[in-house]
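Single-structure report; data block below.
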Amino acid sequence: MDDNKTIIELRDVSLYYQNDIEGLVDVNFKIQKGEFVFLVGGSGHGKSTVLKLIYRDEKATSGKVIIAGHDVSNLSRLGVARLRRRLGVVFQDFNLLEERTVKENLRFAMQVVDTPKSVMRRKEAELLAQVGLADRRNAFPKQLSGGEQQRLCIARALINNPPILIADEPTGNLDPKTSMEIMDLLTEINLKGTTILMATHDQVIVDAMQKRVLYFRNNQLIKDLEIGSYHDLDVEEEVADEIIADMVAEETDALTEDSLAYTNYNDKAEEKLLEDQAEVSTGEEELV
């Protein structure tokens, strides 16, 4: 890869929490300007941790996290704030201000990053048009569909024209059709030059997009495919194991709930039986 075009690099990066719990182990990769990269793998295997290191919600124990040529591992609080103004971040949860309209949510975010008032109205119109919400500017979040709320979150992330957009499970709360619409929007943004890193569990999206794929397992980068899908990763068995484990956990929870319900039913039935017996005894005493 051309180092002059490298915008993100993790070099020998490891992260350990208290009691030597692994967060990441010896991770190395470079991402070029304008790439669209998926981070895939099971829950708790390192995807989101990588993203957190990039926007400095986490700090590496060792190694270097280099963004646009600068190691961000030892930034001051002011340096972290400046870094985050150059990044756009989209999460699975929308985190919108429910009491404010679409345009008010955008303007509030603009105020936070000190957008000049003279350009706010123009910027608002441009962003809402870009994400397809121009006719919804006066709606409140509760009046928007899930897809529309995520479009607003994407608009909010683009306020400072960031060279990098980080998306952590942005389609996790959306139905398949809406998810693909969000992916179409992210593709449009990427084609304009924005580098996109997206963590996802969605095999359908990864297979359909045919982008670069970084596969994480046990907090390590296992595979790095320039153009890939889940089939190329040869992880069907591992994914199946995780799905089965989730199903077993759900069935266990359901059985536990059923058991509790059955126990409660028996307790109530026993109470009712005792009440009935008491009433019968009282009636017999009255007869005597």
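Laboratory data are not the source of any read-out in this text; all were calculated from the coordinates shown. Predicted, not measured: the structure shown is a model, and the values here were computed from it. Cβ atoms come from the backbone with ideal geometry, glycine included; neighbour counts cover every protein chain shown.
Ordering THR187, THR194 by the number of other Cβ atoms within 10 Å of each residue's own Cβ, fewest first, gives THR187, THR194.
Annotation for ASP175 and LEU97: the two label points, set 7 Å from Cα along the Cα-Cβ direction, are 3.1 nm apart. For ASN161 and GLU22, the FRET efficiency from 1/(1 + (r/R0)^6), where r spans their Cβ atoms and R0 equals 25 Å, is about 0.10. By the beta-carbon count within 10 Å of each Cβ, the least crowded to most crowded order of LYS59, LYS47, LYS211, LYS52, fewest first, is LYS59, LYS52, LYS211, LYS47. Pairs LYS123/LYS223; LYS33/LYS59; LYS59/LYS177; LYS142/LYS223; LYS30/LYS103; LYS52/LYS211: which are spaced more than 29 Å apart, C-alpha to C-alpha? Result: LYS123/LYS223; LYS59/LYS177; LYS142/LYS223; LYS30/LYS103 exceed 29 Å. Of SER48, SER76, the sequence from fewest to most neighbouring Cβ atoms within 10 angstrom is SER76, SER48. Between ASP114 and GLN220, residue separation times 0.36 nm minus the direct Cα-Cα distance comes to 34.3 nm.
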